[in-house]
Amino acid sequence: MIIRKRSEMVPTPIEHCMGGEGTVMMEKLLLGAEEMQGKGRAYVRHTLMPGVSIGAHTHANEMESMVILSGRAAHVINGQSQQLEPGDIIVAQPGDTHQIACLGEEPLVLIAQVLFA
């Protein structure tokens, strides 16, 4: 069993994440493949302040799901744009290229999970 209290997590700043703007604050919810039974490489909570983005990147041999917890997002996947709100989910399949940015004045908080394909 793994139990990780939020009060014990230390956010890690990621400057210009994937070539994006500003600084993404990342909290590791699981510590990579060793805690994901070898099935994935990331299970994280990202916080993006207004004006912050994660730049365009492609998932080759993996998929990424993102669930919006709070705030609003501008998301582009394979050239298709959509706005995301709390409760929305987006999944980038192997070969997809996507990017995400905080919209509005409220911070964007999301959970992202990257699994091996």
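The values are calculated or read from the model by the stated rules, or taken from the named source; none is laboratory data. This one's a predicted model, so the numbers in the text were calculated from it and none came from an experiment. Here the Cβ positions follow ideal geometry from the backbone for every residue, glycine too, while neighbour counts run over all protein chains shown. Only protein heavy atoms, including side chains, enter the accessible area calculation; ligands, DNA and RNA are left aside. Shrake-Rupley method; radii C 1.70, N 1.55, O 1.52, S 1.80 Å.
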Reported set for the stretch 1-29 where residues are part of a helix (DSSP H, G or I) and either under 13 Å from R45 (Cβ atoms) or not hydrophobic (A, V, I, L, M, F, W, C) (or both) is R6, S7, E8, G19
G51: passes all of (1) over 12 Å from the mean Cα position of the chain (by Cα); (2) at negative phi but (2)
List every residue pair whose Cβ atoms lie under 9 Å apart, where the two residues are 6 or more positions apart in sequence or sit on different chains, the first residue falls within the stretch 99-117 and is over 21 Å from P11 (Cα atoms) and small (G, A, S), and the second residue, located anywhere, is at pLDDT 95 or above and not in a loop (DSSP other than H, G, I, E, B).
-> G104/R72; A117/E62; A117/M63
Scanning the stretch 30-40 residue by residue, those part of a loop (DSSP other than H, G, I, E, B) and either in contact with a helix residue (DSSP H, G or I) (Cβ under 7 Å, 6 or more places away or on another chain) or of a type outside the set (G, A, S) (or both) turn out to be L31, E35, M36, Q37, K39
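Can you tell which of M49, M63 is open to solvent by 40 Å² or more (accessible area, probe 1.4 Å), at pLDDT 95 or above and out of contact with any Phe, Trp or Tyr (no Cβ under 9 Å at 6 or more places or on another chain)?
On the way: M63 fails: out of contact with any Phe, Trp or Tyr (no Cβ under 9 Å at 6 or more places or on another chain).
Only one candidate passes the filter, namely M49.
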Subset of the stretch 31-40 [at pLDDT 95 or above and either closer than 29 Å to A74 by Cα or surrounded by 18 or more Cβ atoms within 10 Å (Cβ to Cβ) (or both)] = M36, K39, G40
